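Undergrad: I have a structure I would like to understand better, so I am pasting it below and will then ask my questions one at a time.
The values are calculated or read from the model by the stated rules, or taken from the named source; none is laboratory data. Here the structure is a predicted model, which is why all the values come from computation and not from measurement. Heads up, the Cβs are rebuilt from the backbone with ideal geometry, glycines too, and the neighbour counts pull from every protein chain shown. Keep in mind that these areas ignore ligands, DNA and RNA; they rest on the heavy atoms of the full protein, side chains included. Shrake-Rupley method; radii C 1.70, N 1.55, O 1.52, S 1.80 Å.
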Amino acid sequence: MQTAAYRYAIGDGWDQPPDVTLDSPETLILVFGPTDLGPLAAVLDALRASFPTSVWAGASTAGEIAGRSIDDNTLTVALVRFAGTCLRGITHRFEQTAQSFAAGQEIAQSLNADGLRGILVFADGLNVNGSELARGFSSALPAGIVVTGGLAGDGNRFQQTWVLGESGPQEHAIVAIGFYGARIGLAHGSGSGWDILGVHRKVTRASGNVLYELDHQPALPLYKKYLGERAAELPASALLFPLAIHSDGKRDEETVRTILGIDEAAQSITFAGDIPEGATVQLMRANFERVIDGAAQAAERTGMSAYAGGPLLALAVSCVGRRLVLSERSEEELDAVLDTLPAQTTMVGFYSYGELSPLTGSCCDLHNQTMTLTLLWENAA
């Protein structure tokens, strides 16, 4: 397996020329960039022309991750040429958020073939229900198949996102890559680090990813009360105060959900994933040191017992809310990851509107406000 990473910045060009000899049907190219490609569009087109047989995947971001650095308005590119792993890419179009579960099922069924070891997924971050997408994958795949990835971002604007497949950047789309063969190595890990804020509350009215009532009170006014002066900055300020959903009444286990939008007329809040009616929830807030420690925990949880050395690609998908909280300290969470992973690691990734990886036995779950890692390597023949 060969890996390479590149960065293109307006005014500076490529940090080094992409190695076109790496093009092959067994080459995965990951691309992360801004929502408005603008002057980068021609650069992306030229890159695609230089790698005509490779398998493509990528997403718009709330910040591009390249090693220990975070950039905006750049193209961050990773190339992985496998020696004994087959790849298959799918771009799935959908029109309505309600089709998210079916989309996950259909993609899983299309990719589920002999030798499948894992699936990497990038989805439109504004028009997909991430938890329903994950549930669709989990319902259609056999045990042992891991699905990881993330939801495309758009800074803190929440206006438009894209994903990249064989046909170029698209909205209302999901791109998935299947990895096949005995040599591919995959590992994953996720960490958060947010603190609990306030009392436990019960979800008394919700529909899908829309929350209407907590403890029989309209959700939005209650949420604004906690935000205080920052309520005027909604929905962007909501990234600093996500919601913890406790697992089946187990208050030491939670899934974190981040807010995508509010509806003043309905007094409701829309989240990146489902809010189960009847669930116990609490607000959360950031603790700088714990958020950075959460990134290190993600690396520690990858469980790389099968890794025996050699080139290693780390795909880092971190939530936009973490970047807003950490601000100038955001690169410290990248340092925490790379200081934990092997020295041979090449890391790229992006700040997202949601992170995808297994949590409690299923093949895929939606996370928010986490650092989620996917590690790829190849074992010897």
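Undergrad: So which GluC sites (Glu not before Pro) in the stretch 25-99 are both in a DSSP loop and have at most 12 other Cβ atoms within 10 Å of their Cβ?
TA: Counting only loop positions with at most 12 other Cβ atoms within 10 Å, the GluC sites (Glu not before Pro) in the stretch 25-99 are 95.
Undergrad: Once you compute Rg and the Kirkwood Rh from C-alpha atoms, what is the Rg to Rh ratio for the stretch 28-127?
TA: Using Cα coordinates only, the ratio equals 0.98.
Undergrad: Please give the solvent-accessible surface of residue 200 in Å², to the nearest 10, using a probe radius of 1.4 Å with every protein chain present.
TA: Accessible surface of residue 200 is approximately 70 Å².
Undergrad: Could I have the simple spin-label model distance between residue 362 and residue 167, label points 7 Å from Cα toward Cβ, reported in nm to one decimal?
TA: Here the answer is 2.8 nm between the modelled labels.
Undergrad: Could you calculate, for the chain, the ratio of the Cα radius of gyration to the Kirkwood radius, expressed as Rg to Rh?
TA: 0.95
Undergrad: Determine the per residue accessible area of the stretch 224-381 with all protein chains present and a 1.4 angstrom probe, expressed in square angstrom.
TA: Computed with neighbouring chains in place, this is 39 Å² per residue.
Undergrad: Just want to confirm a number: the relative contact order over the stretch 56-213, from Cα pairs under 8 angstrom separated by 6+ residues, in percent.
TA: 32 percent
Undergrad: For residue 42 and residue 197 in the same chain, what is the full-extension length gain: residue separation times 0.36 nm, less their Cα-Cα distance, in nm?
TA: 51.1 nm
Undergrad: Something else about it: Set the Förster radius R0 to 30 Å, insert the Cβ-Cβ distance between residue 53 and residue 9 as r into 1/(1 + (r/R0)^6), and round the FRET efficiency to 0.05.
TA: 0.65
Undergrad: Another question, then. Working only with C-alpha atoms, what are the Rg and Dmax values of the stretch 293-361, expressed in angstrom?
TA: Expressed in Å, the Cα Rg and Dmax of the stretch 293-361 come to 12.6, 36.
Undergrad: Write down the radius of gyration of the stretch 130-241 and its Dmax, each obtained from C-alpha positions, in Å.
TA: So, for the stretch 130-241, Rg and Dmax equal 18.8, 55 Å respectively.
Undergrad: Determine, at each q value in 0.14 (inverse angstroms), the log₁₀ of I(q)/I(0) that the Debye formula gives when each Cα of the stretch 224-353 is one equal point scatterer.
TA: Here log10 of I(q) over I(0) equals -0.75.
Undergrad: Set the Förster radius R0 to 25 Å, insert the Cβ-Cβ distance between residue 343 and residue 381 as r into 1/(1 + (r/R0)^6), and round the FRET efficiency to 0.05.
TA: 0.55
Undergrad: Per-residue ellipticity at 222 nm for the chain, helices alone: DSSP H runs ≥ 4 residues times -39500 (n - 2.57), over residue total, nearest 500 deg cm²/dmol?
TA: Counting only the DSSP helices, I get -5500 deg cm²/dmol.
Undergrad: Please report the relative contact order for the chain, taking Cα pairs under 8 Å with a sequence separation of at least 6, and give it as a percent rounded to a whole number.
TA: 21 percent
Undergrad: So if we plug the beta-carbon distance of residue 160 and residue 21 into 1/(1 + (r/R0)^6) with R0 = 25 Å, what FRET efficiency do we get, rounded to 0.05?
TA: 0.10
Undergrad: Here is a follow-up. Considering the chain as a Gaussian network with a 10 Å cut-off on Cα pairs, which listed residue, 195, 12, 71, attains the greatest mean-square fluctuation?
TA: The residue that fluctuates most here is 12.
Undergrad: Would you calculate the separation in nanometres between label points at residue 204 and residue 216, each defined as 7 Å from the Cα along the Cα-to-beta-carbon direction?
TA: 0.5 nm
Undergrad: Oh, and also: Pick from 63, 354, 303: which residue has the top mean-square fluctuation in a GNM of the chain where Cα pairs under 10 Å get a spring?
TA: 303
Undergrad: With 5 Å bins from zero, work out the P(r) of the stretch 204-247 over every alpha carbon pair and list the percent per bin.
TA: 5, 20, 28, 27, 16, 3, 0
Undergrad: Just subtract the alpha-carbon distance of residue 182 and residue 305 from 0.36 nm times their residue separation and send over the number in nm, one decimal.
TA: 42.7 nm
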